[in-house]
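Pasting a structure here, questions to come.
The values are calculated or read from the model by the stated rules, or taken from the named source; none is laboratory data. Just so you know, these numbers come straight off a predicted model, no measurement behind them. Cβ: placed from backbone, ideal geometry, glycine included. Neighbour counts: every protein chain shown.
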């Protein structure tokens, strides 16, 4: 259980996922995400891989077959897309989880000019060059790539890369609406994630969990998440956008009630105390939960979970 908890913290911080350097003056990576995306996550890679506290949590939680370091784990993910992620400063991932465009995804990467030029040199030598709307796309059996500038590139499925090119040339709509509003509303952080909640996920939501009514959450339309670290303190924020303010109010009441009675529930030691530190608020259709927790508190929480029998994990 302890390992699962620590891994979950890292996965949320690394996989699910800041504003990036643009491909032109004033252009940010989020401005290049196409309207069809319903999931977007940005990650400040350089912050993650250089943080000794996160590396320590990774070392405590990794399994015997896991990569040796957090940087190795990131690079293992990047290998799937033909890039070394640890050499970039930031990445922005977008995809369509609705199932309408099977496999659709793109990754906009920002980094030093030397990193981008090195990747481009490799692409020129080892991949097939195609032309799309006057722009070069490099591709192989796995991935497509386009170099937006000396400090930014995009890779992903061919249709996603073409969409980014179209957005950059004003031939396609960029991400907008409530999903973009959710992303922009998150604080500047190491990780920022915004996603539309697929209806199929909500269909399987039970009416109650541990006797707690969760029906209001079936009306969640968009979720935002951020992860930031300053010194020894990690700050996370969860933003929930509902179909109307009534459901948002009901969800707010449930969250506040769970926090209030958490000390009487069968949680591992330290969980109730942590929940009581959360700040919960509602504003119309929005519910926001913010939590500050120190590295020491996380380590103590993991330690308490080690004493929890596997039968209740």
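This table checks each residue for (1) within 18 Å of residue 93 (Cα to Cα); (2) surrounded by 20 or more Cβ atoms within 10 Å (Cβ to Cβ); (3) touching a strand residue (DSSP E or B) at 6+ places or on another chain (Cβ under 6 Å); (4) at pLDDT 95 or above.
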site: 207; (1), (2), (3), (4): no, no, no, no
site: 222; (1), (2), (3), (4): yes, yes, yes, yes
site: 227; (1), (2), (3), (4): yes, yes, yes, yes
site: 259; (1), (2), (3), (4): no, no, no, no
site: 280; (1), (2), (3), (4): no, no, yes, yes
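Would you check which residues across region 35-58 are more than 17 Å from the chain's Cα centre (by Cα) and surrounded by 21 or more Cβ atoms within 10 Å (Cβ to Cβ) and list them? Before you say what the answer is, go through the steps one by one.
The first filter runs over region 35-58 and keeps only residues more than 17 Å from the chain's Cα centre (by Cα), leaving 35-36, 50-53, 55-58.
If the condition is that a residue be more than 17 Å from the chain's Cα centre (by Cα) and surrounded by 21 or more Cβ atoms within 10 Å (Cβ to Cβ), then 57, 58 are the ones that fit.
Since residue 75 meets every condition but one in (1) in contact with a helix residue (DSSP H, G or I) (Cβ under 6 Å, 6 or more places away or on another chain); (2) under 21 Å from residue 192 (Cβ atoms), which condition does it not meet?
(2)
Being under 18 Å from residue 105 (Cβ atoms) and not in a loop (DSSP other than H, G, I, E, B) is the filter here; which residues of region 181-200 pass it?
Across region 181-200, the qualifying residues are 183, 191, 192, 193, 194, 195, 196.
Answer yes or no as to whether residue 106 is within 18 Å of residue 42 (Cα to Cα) and modelled with pLDDT under 90. Give the steps one after another, and end with the answer.
Values: within 18 Å of residue 42 (Cα to Cα): yes; modelled with pLDDT under 90: no.
In short, no.
With the condition being within 30 Å of residue 58 (Cα to Cα), I'd like the strands (runs of 3 or more DSSP E) fully within region 208-313 carrying at least 3 qualifying residues. Give the steps one after another, and end with the answer.
On the way: elements: 220-230, 233-242, 279-283, 286-294.
Where strands (runs of 3 or more DSSP E) fall fully within region 208-313 and carry at least 3 residues being within 30 Å of residue 58 (Cα to Cα), they are 220-230, 233-242, 286-294.
Tell me which of these residue 130 doesn't satisfy, since it passes every other one: (1) part of a strand (DSSP E or B); (2) farther than 18 Å from residue 40 by Cβ; (3) modelled with pLDDT under 95.
Every listed condition holds for residue 130 apart from (3).
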